[in-house]
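A short reminder: the numbers here are calculations on the coordinates, not readings from a lab. Note that the structure is a prediction, hence the values are computed from the model and not measured. Cβ atoms come from the backbone with ideal geometry, glycine included; neighbour counts cover every protein chain shown.
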Amino acid sequence: MYCIVQARCGSKRLKKKIFKKIKNISIIERVINRLKKSKKISKIIIATSVSRSDDELENFCKTKKILFYRGSLNNVASRFLEISNNYNLKNIIRISCDSPFINPKILDEGVSFFKKSKFDVITNVFPRTYPKGLSYEIFKTSILKKNIEYFSRRDKEHVTTFFYKNSKKFKIYNFYSKKNFKNINLCVDTYEDLEFLRKNYNKVSKINFYEKN
């Protein structure tokens with residue numbers, strides 16, 4: 001299954017955060033390296049924008065030989081739809097590039113369940129019990145194609161919020177953690193987040209967030 005990682009350099013709160021380093025490895029490299037450990041992902045595609053600020057990200061992808069696609073800056077959902085059309089994808093795994101601790105085991109569990117189920121969306125954020133930064137969503141491209149015309153501006157930016165707001169119309173399955181980690185933040189939105197993960201990297205790395213359900 002293809003994994004689409006949405007990423008951009010022009011983050012308002014922390015510009016070029018995906019290139020900030022934790023233990024001498026950039027956040028984007030950490031995300032890619034972790035996703036490569038997945039047994040269920042066949043291809044990884046970086047979905048970024050056509051903004052000049054993302055030229056650096058394109059150059060990075062070319063250097064590292066990572067697939068990438070450049071689309072609308074604000075309509076992220078359209079990026080996903082265009083990628084799915086280009087690669088003829090029936091299903092999509094969505095990951096955010098601000099998640100240096102994304103867990104391939106948790107992700108693979110979701111993919112395995114999705115493949116044998118009839119759900120439209122598989123996630124671990126509805127409601128959240130895993131830490132922010134271990135989030136994933138797997139969904140059928142068909143529901144994106146059928147509903148994108150109804151997306152609000154916020155839905156276009158966040159891709160999947162429309163499905164949650166209209167959860168009665170879609171078959172959604174949520175994975176719960178055996179322990180509630182929802183108050184732990186492992187993603188990087190601000191400089192404070194970055195500094196916290198830099199200082200606590202070894203401690204956080206030892207926590208077992210994966211307990212098979």
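Report, for the range 1-160, the % of DSSP beta bridges that are antiparallel, rounded to 5.
Here the share of antiparallel DSSP bridges comes out near 40 percent.
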May I ask you to evaluate 6.51 cos²θ - 1.76 cosθ + 1.60, the Karplus curve with θ = phi - 60°, for each residue of the range 37-48 and list the ³J(HN,Hα) values in order in whole Hz, giving x for glycine and proline?
7, 5, 8, 10, 8, 9, 9, 10, 10, 7, 9, 10
Please state the relative contact order of the range 77-181 as a whole percent: Cα pairs under 8 Å, 6+ residues apart?
37
In order over the range 182-188: 3J(HN,Hα) from phi, Karplus 6.51/-1.76/1.60, θ = phi - 60°, whole Hz, x for each Gly or Pro, gives 4, 8, 8, 10, 10, 9, 10
When the expected Rg is taken as 2.2 N^0.38 Å, what fraction or multiple of it is the alpha-carbon Rg of the range 112-206?
1.27
Under 8 Å for C-alpha pairs, at least 6 residues apart: give me the relative contact order for the range 1-151, rounded to a whole percent.
27
Between residue 191 and residue 67, how high is the FRET efficiency from 1/(1 + (r/R0)^6) when r is the Cβ-Cβ distance and R₀ = 45 Å? Nearest 0.05.
0.90
Length gained if residue 178 through residue 206 is fully extended, taking 0.36 nm per residue and subtracting the Cα-Cα distance, is 8.4 nm
Using the Kirkwood radius over Cα pairs of the range 158-213, the Stokes-Einstein translational diffusion coefficient at 10 °C and 1.306 mPa s, in µm²/s and rounded to a whole number, is 112
Note to self, the chain gives a 222 nm [θ] from helices alone (DSSP H runs n ≥ 4, -39500 (n - 2.57) apiece, / all residues, nearest 500) of -10000 deg cm²/dmol
Any chance you could check the Cα centroid distance between the range 99-141 and the range 163-200 for me, in angstrom?
11
Between 88, 185, 166, which gets the highest mean-square fluctuation from a Gaussian network model of the chain, Cα cutoff 10 Å?
166
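Any of 20/65; 105/182; 36/182; 39/179; 39/140; 43/116 with alpha carbons more than 22 Å apart? Name them for me.
Check vs 22 Å cut-off fails for 36/182; 39/179.
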